[in-house]
Each structure stands twice: as structure tokens, then as C-alpha cells.
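The values are calculated or read from the model by the stated rules, or taken from the named source; none is laboratory data. What you are looking at is a predicted structure, and each value in this text was computed from that prediction instead of being measured. Every residue, glycine among them, receives a Cβ derived from its backbone with ideal geometry; neighbour counts consider all protein chains shown. The accessibility values were calculated without ligands, DNA or RNA, using every heavy atom of the protein model including side chains. Shrake-Rupley method; radii C 1.70, N 1.55, O 1.52, S 1.80 Å.
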Amino acid sequence: MIKSFHTRQLTFRQLEIFRSVADCGSVTDAAKTLHLAQPTVSTQLAKLAQTTQTALFEQVGKKLYLTDAGQELLEASRDLFAVLENLEMRLAKRAGLSFGHLRLSAVTTSKYLVPTWLGSFCRLYPSIEPEFNVGNRAEIIARLRQNLDDFYIFSHPPRELDINAQPITDNPLVLIAPQDHPLANQADLTWSDLRNERFLIREQGSGTRFAIEGFFKEYGAPHLRPLTIASNEAIKESVVAGLGIAIISRHALSHMAPGNLVELQVKELPIKSRWYLVTPQGKVASPAAQAFYEHVNRLLDDIAQ
Ligand code: PGA
């Protein structure tokens, strides 16, 4: 079986997806963890099973379990990735990356994405000291103005500043309600269907609020009772507890236990936004910053494949 792998299309990406499914025990959870669509994960798994000509998982109830062959593949792929990481580390050392600092600041919605990048980066370059700040849009703009960091992540980069902004990935903002909301399963809702709701919204200075206000400017502000809560986590918990409805990044929902919240289907939603990797114009990248930039772009290329 192994002899013929090279003539077929076994990819590291498939192995990475396979490892994540094995760790999570479910395609849905692995897709969330990897920020991929569920069908992409299923397709890559199916290709891998085809290449290895064996069943890798068996489903018992809702959970996926590794078959004996799957277990073998998991161990082999762990070894493979360890060898590769070790190689990259040695190459990095040759390139003079055996020390250095990386400073990164990100808006709160992206805290569900950035640690994955940072984690894999720090495993590759264990001698680089990372610093990771999380804040709302206004706080991160303040850091950018002071040139405190190598990189900044925004959904709504401050266009008034002289910056480079590389688009990263979509950040849709969705309307959420508790699972048992009476309008939970209705399509094409309008804002007047929701006029009696309390609307939980982030604080002034938040990029999420900035996007919502822009959206209401375009489509007309609905009659909702606003309540400001300065945290995505507290907003989610408050919606679950029945305090109101809210518009929030879909990525902020990825680690919630399923079954607590629903997305309400209002016509113009979700609000489309995306994250950007931002650097001040003219900033000279340190070797650590350059390595991080290349690392992120490699990860993004992998996701795009
Ligand atoms: P924030 O993040 O609401 O925490 O400012 C928003 C963003 O995605 O820009």
C-alpha cells in the first residue's frame, strides 16, 4: 500500500485535516477548528481514504472513531509532521531566526483565528518571543498610531492612516437569538418583525459596532432597544440567557456548545466583512516579522487549496 503512495495524490493538507478530525472526533468540529467549510473537510477525507485504499474512520453514534488502519496513519502522520517541523526549525536557525520578537495586535473578533497562526508559528520558531494583544478597534488603532507592533488585524482598517492592508478571510456578522426564539425557523424576516427586541451591541470603539452602524445607515435603523455590552463573550451568554438579540461575528460562535443559539434569517444579513493583516506603510520587517508574514501566507494558501 505505502509503496504506491507517491504515484497517487497524498497531500500534507489531507493529513492535517485527517489529524484534526481524529482529534475532534467529528467533521463538523474539525471544520470549525480549521476554519474550513464542512464539505471541504469531507472531500479531503474521502480523497485520503481513496489514496490509502482503506477506511480510516468508523461512525458510532455521532462520533467518529479511528479504525486500526486510521490509527496507523495517525501515528505515521505525527512522525512526518514532526520531521518536517524539525527541518523547518533547523532551516530557520540557519537563516538567523534563533531569537527575536514578534508583536501582534488584533481586534477581539479575530482572537478565534489568530492563536492558531501564532501557535503553529511558535512551534516552528520556539526561540522567538511572541507578544499578542487583543482589544477593540479603537484600542488597536491607538497601538497602530504609536507603531507598537509588527502586525495588526482589523475587519475595518483605519483608511485614514497610511497602511498596507492584506485581505485575509471572511468575517460575516450574523444576527443571533436564543435557540427557542419564536422566529428561529422563519426565513426572510424584516426588522419590523423584531421591533420589540432588546438589541445587545458592543461598546463605542468596537469594529463590530462600527460595521453595524454602517449597515443601519445603509438599510435604515430599526426600532430596537439597545443595550451596550463591551464583550463578545458576555453578549453571547446574554443572548443564550434570553436578554436580547445581537449581531456578532460568526467566528465568535465557533466554540459554543451547539444548540444554545440560532442565527435569525433577516434578508440583508449577514453583514459582509473580512479581516485584514495590516502594517504601517514603510515599516521595515524584522526577520521574525518577515517569517511570520510568510507563515501566515503559507497557511492562507493551504486554506485556499
Ligand atoms: P471589535 O472587533 O468589535 O472587537 O472592535 C471588530 C472587528 O472585527 O473589527
Working out 0.36 nm times the residue gap between A241 and E129, then minus their Cα-Cα distance, what length gain in nm do you get to one decimal?
-> 36.3 nm
Got a sec to turn the phi values of segment 144-154 into Karplus ³J(HN,Hα) couplings, 6.51 cos²θ - 1.76 cosθ + 1.60 with θ = phi - 60°, whole Hz, x for Gly and Pro?
-> 4, 4, 8, 6, 8, 10, 7, 9, 9, 10, 9
Please work out how much length the chain gains when fully extended from A221 to Q146, using 0.36 nm per residue of separation minus the C-alpha to C-alpha distance, in nm with one decimal.
-> 23.5 nm
Over segment 57-195, what relative contact order in percent results from Cα pairs under 8 Å that are six or more residues apart?
-> 20
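With r as the distance between the Cβ atoms of E72 and A234 and R0 = 35 Å, compute the FRET efficiency 1/(1 + (r/R0)^6) and round to 0.05.
Between A234 and E72 the formula returns 0.15.
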Using only Cα atoms, find the angle between the long axis of helix 207-219 and the longest principal axis of the chain, and express it within 0 to 90 degrees, rounded to the nearest 10.
-> 50
Hey, if you put +1 on the Cβ of every Lys and Arg and -1 on every Asp and Glu Cβ in segment 25-160, which of H101, L87, F57 ends up farthest toward the positive end of that dipole?
-> H101
Net charge of Cβ neighbours under 12 Å - reference H223; Lys, Arg +1; Asp, Glu -1 = +1
Given charges at beta-carbon only (K, R positive; D, E negative), |dipole| of the chain in Debye | 320
Taking every DSSP beta bridge that has both residues in the chain, what percent is antiparallel when rounded to the nearest 5?
-> 55
Can you tell which of R94, R209, R145 shows the greatest fluctuation in a Gaussian network model of the chain with Cα springs below 10 Å?
-> R94
What residues have an amide H closer than 5 Å to that of L102, excluding those fewer than 5 places away on the same chain, when H is modeled at 1.01 Å from N in the peptide plane?
-> E129, E131
Quick one: with all protein chains in place, what share of the accessible area of the chain is carbon or sulfur, to the nearest percent (1.4 Å probe)?
-> 52
What is the chain's relative contact order, in percent, from Cα pairs under 8 angstrom and six or more apart in sequence?
-> 21
Taking the Cα centre of segment 241-305 as origin and charging only Cβ (+1 Lys, Arg; -1 Asp, Glu), how large is the dipole, in debye to the nearest 20?
-> 160
